[in-house]
Amino acid sequence: MEIFDSDLNAEVIGFGALNVDKLYSVENIASKDEESFIKDETDTPGGSAANTIVGLSRLGCSTSIIGKIAEDEDGDLIEYNLAINGVYSNNLIYSETGSTGKCLGFVDSQGERCLYIDPGVNDEIRIDEINPLNIMRCKIMHYTSFVGDSFKTQIELLDKLNDQCVLSFDPGMLYVQKGFDELKPILERTNILLINESELRLLCNNSKSSLKELAIGFLDLGIETIVVKQGSKGVFAMNNQEDCEVESYECDVVDTTGAGDSFNSGFLYSYLKGYDLEKSCRIGNWVASKSIEGFGMEKFPTLKDLEDFFKI
């Protein structure tokens with residue numbers, strides 16, 4: 001079943017996996033032949049695109065997300081979370097069979113993590129399940145990764161985006177491991193590339209060049225802005241007019257899951273506001289610093305939080 005309402009015109013639409021993050025607090029993350037123990041556990045709605053879209057909604061943007069859920073408890077949790085955060089449901093796709101996607105996450109006392117994905121019905125999205133009328137007037141389409149065949153649907157959807165729609169792309173390690181050639185159709189349409197340093201170097205098969213040298217290669221491809229996330233070191237960003245390095249904010253780290261996604265929220269919010277590259281990165285870093293002070297989406301800041309901090 002699809003829900004359609006022509007009055008629900010989202011500024012930003014995400015397209016990515018919808019998962020319930022089943023997060024386990026552990027003393028340490030076990031390596032091969034090691035053991036650890038679970039101290040606490042929590043279920044929280046997640047998925048990279050969903051995290052970014054919820055973050056944008058909390059910052060006052062109108063949002064929607066293309067994704068598939070099953071008719072089960074995890075699907076209900078995802079749908080409820082999107083609703084209470086003001087995300088339009090007109091692009092949700094409901095499967096009568098199968099199970100909603102899950103992400104098992106183990107988070108240690110320093111906030112570091114490892115993740116295991118069970119994609120469920122995420123990998124069953126077909127192009128004919130997406131209503132093109134719902135996406136015609138969005139300002140930004142934000143792509144994130146799938147494990148399987150829905151990647152092909154993302155490529156098919158590119159031809160249905162209007163020419164004014166900005167494509168934001170955060171490939172994540174799952175897509176980077178596919179290699180440059182397989183990602184090329186998306187990269188050639190991408191306006192904003194949001195990627196971390198490890199992913200960038202793997203995608204370029206280059207561990208030695210500077211981030212600026214690597215970024216220039218993507219600008220030459222036609223990408224307008226590239227942002228390289230470096231965790232606690234901050235970010236490097238570059239467009240055709242400028243480049244900048246912006247430090248991260250100090251914070252009390254609880255869980256780094258979704259840190260990059262929440263950065264995306266702050267950056268894309270700033271892009272819509274017309275802020276310059278450096279200010280956009282500063283806002284992105286601040287939003288990320290607030291989000292990792294809690295589990296899942298519980299600490300994602302609101303527009304009032306942002307306006308109070310930056311005096312805007």
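Summary table
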quantity	calculated
Hz values of 3J(HN,Hα) by residue in the range 76-90 - Karplus curve (6.51, -1.76, 1.60), Gly and Pro given as x	4, 5, 4, 4, 5, 5, 4, 5, 5, 9, x, 8, 4, 9, 6
At most 11 other Cβ within 10 Å, DSSP loop - chymotrypsin sites (Phe, Trp or Tyr not before Pro), the range 175-255	none
Computed lengthening from Glu242 to Glu41, 0.36 nm per intervening residue step minus Cα-Cα distance	68.0 nm
Anisotropy class of the range 37-131 from Cα gyration tensor, a/c 1.5 cut	oblate
Cα centroid of the range 12-49 to Cα centroid of the range 52-92, whole Å	19 Å
Given (i) 0.99; (ii) 0.94; (iii) 1.04, the label whose value is Rg/Rh (Cα atoms, Kirkwood Rh) derived from this model	(ii)
Between the range 175-212 and the range 96-163, the Cα center-to-center distance that results, in Å	19 Å
Per-residue HN-Hα couplings for the range 226-239 [Karplus 6.51, -1.76, 1.60; θ = phi - 60°; Hz; x = Gly/Pro]	10, 10, 10, 7, 10, x, 5, 7, x, 9, 10, 9, 7, 9
Exposed-site-free run, longest, the chain (rule: trypsin sites (Lys or Arg not before Pro); DSSP loop; at most 10 other C-beta within 10 Å)	33-207
Two-site FRET efficiency, Arg126 against Tyr24, from Cβ-Cβ distance with R₀ of 35 Å, rounded to 0.05	0.55
Within-13-Å neighbourhood charge of Glu242 [Cβ basis; K, R +1; D, E -1]	-3
Virtual spin-label span in nm between Glu197 and Lys184, 7 Å along Cα→Cβ	2.9 nm
At most 15 other Cβ within 10 Å, DSSP loop - GluC sites (Glu not before Pro), the range 225-258	Glu242, Glu247, Glu250
Positive-end extreme of charge dipole, the chain - chosen from Ile312, Leu268, Cys204 (charges on Cβ)	Ile312
Integer Hz, Karplus 6.51/-1.76/1.60 couplings in order for the range 189-205, x for Gly and Pro	9, 6, 9, 10, 9, 10, 8, 8, 4, 4, 5, 4, 5, 5, 4, 8, 6
Tensor-based shape of the range 92-197 (alpha-carbon gyration tensor, a/c under 1.5 rounded, otherwise prolate or oblate)	oblate
C-alpha center-to-center spacing [the range 260-312, the range 218-249] in angstrom	16 Å
Computed FRET value (nearest 0.05) for Lys208 with Lys233, which takes r as the C-beta separation and R₀ as 22 Å	0.80
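We did not get these values from a lab; they are worked out from the coordinates using the rules stated. The shown structure was predicted, so the numbers you read here are calculated from the model rather than taken from an experiment. All Cβ positions, glycine included, derive from the backbone under ideal geometry; neighbour counts span all protein chains shown.
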